[in-house]
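Here the structure is laid out as structure tokens; the discussion comes afterwards.
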Amino acid sequence: MNRLIAILCVTLSIHAAEPKKTQETYELGRAAMAHGDHVRAVEYFEQSTALSPRNALYQLQLGRAYSMSAMASGMFSAMSLAKKAKSAFERAVELDPKFVPARLSLLEFLIGAPAILGGSDSAALEQAKAIREIDPIEGHDAFARIHIAAKRADLARGEYATMVKTFPRSAQAHYLYGVYLLTTEKNYKSAADQFESAVSIDPNHMASYFRIGHTAAVGSANFARGEEALKKYISYRPSEEEPGTSRAWFWLGAIYEKEGRPADAKSCYATSLKLNPTQKDVIEALKRVS
């Protein structure tokens, strides 16, 4: 009897330790991704999904790690990794059909990959429809991404304009519209206005603070506000869906560089590279101010 009790105790102890080990492995994968080490990230996320095969978040992150590794690989390795990425995204959606980030990642794969690797405009459209049923705001973003990929800028802008008009008190709606204005139209003034609207609605919408700083840096305007916003973001630990702090340090350095503060810019660029040494634009920026 005593031996049976001892075996049961050991068994229970092992099972109790498994969730902790799984989470620790997953966090190591996140750290590797943030550091730009996508090969190591794949290893950790493969371990995480093996330990917890029904966790949709782990499958999503594994797919993203495969995608990033594919971009840095030779043709044949890239093809294999791309197919694995698609499978991981599909598995994440299968495990949690309402997990919008997984559907968005699958959609991005479908509109970006050639047909030989599983790309499909019709399948992407089906994902966009499903996302719209789950979250109308993210649905507008999903359809806009399809339009952007097809170079239908007027339709993409229409999706975002309708979204903000329909959901004027949604910080996320203003944020998504701002990202479009910033990255696609390069309309920095309007983008900044959208991000400021987002944080006025929700002062804790941290991704908008990052974009306020990003916009100030690339638009060469409102440097003081951009610096303030980026410093706020740097003190925060981003989620999986938010920009990494290495990029916040980079944009802060860009602001300092444009303000004629090379020493401060150099310090920021060095910090950014310490967090993620694979950033080519940061490497070039550091050379400029050194």
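The values are calculated or read from the model by the stated rules, or taken from the named source; none is laboratory data. Source: prediction; values computed, not measured. Cβ placement follows ideal geometry from the backbone for every residue including glycine, while neighbour counts extend to all protein chains displayed.
Annotations
- Of the residues I234, I255, the single one that is of a type in the set (V, I, T) and buried (at least 23 other Cβ atoms within 10 Å of the Cβ) is I255.
- The range 40-54 residues that are touching a residue at least 24 places away in the same chain (Cβ under 8 Å), paired with ones that are assigned to a helix (DSSP H, G or I) and among the β-branched types (V, I, T) (beta carbon under 9 Å, 6 or more apart): S48/T22; S48/T25; L51/T22; L51/T25; S52/T22
- For S122, the criteria (1) farther than 15 Å from Q59 by Cβ; (2) within 18 Å of the chain's Cα centre (by Cα) hold in every case but one, which is (2).
- I137 vs. criteria in a helix (DSSP H, G or I), under 27 Å from L62 (Cα atoms) and at pLDDT below 95: no
- Residue check for T184: surrounded by fewer than 19 Cβ atoms within 10 Å (Cβ to Cβ) and under 18 Å from the mean Cα position of the chain (by Cα): yes
- Scanning the range 94-108 for residues that are crowded, with 20+ Cβ neighbours inside 10 Å and under 14 Å from G118 (Cβ atoms) yields S105, L106, L107.
- Some residue of the range 68-89 being at pLDDT below 95 and among the aromatic types (F, W, Y): yes
- Complete set of residues in the range 271-290 that are of a type in the set (G, A, S), surrounded by 16 or more Cβ atoms within 10 Å (Cβ to Cβ) and over 19 Å from P238 (Cα atoms): A285
- If you go through the range 85-104 and pick out every residue that is in contact with a Phe, Trp or Tyr (Cβ under 8 Å, 6 or more places away or on another chain) and over 15 Å from D135 (Cβ atoms), you end up with 5.
- When the residues of the range 114-127 are filtered to those that are part of a helix (DSSP H, G or I) and touching a Lys or Arg at 6+ places or on another chain (Cβ under 8 Å), the one that is farthest from V93 (Cα to Cα) is L117.
- Close pairs from the range 182-208: first within 20 Å of K231 (Cβ to Cβ) and at pLDDT 95 or above, partner hydroxyl-bearing (S, T, Y) and surrounded by fewer than 17 Cβ atoms within 10 Å (Cβ to Cβ), Cβ under 7 Å, at least 6 apart: M206/Y236
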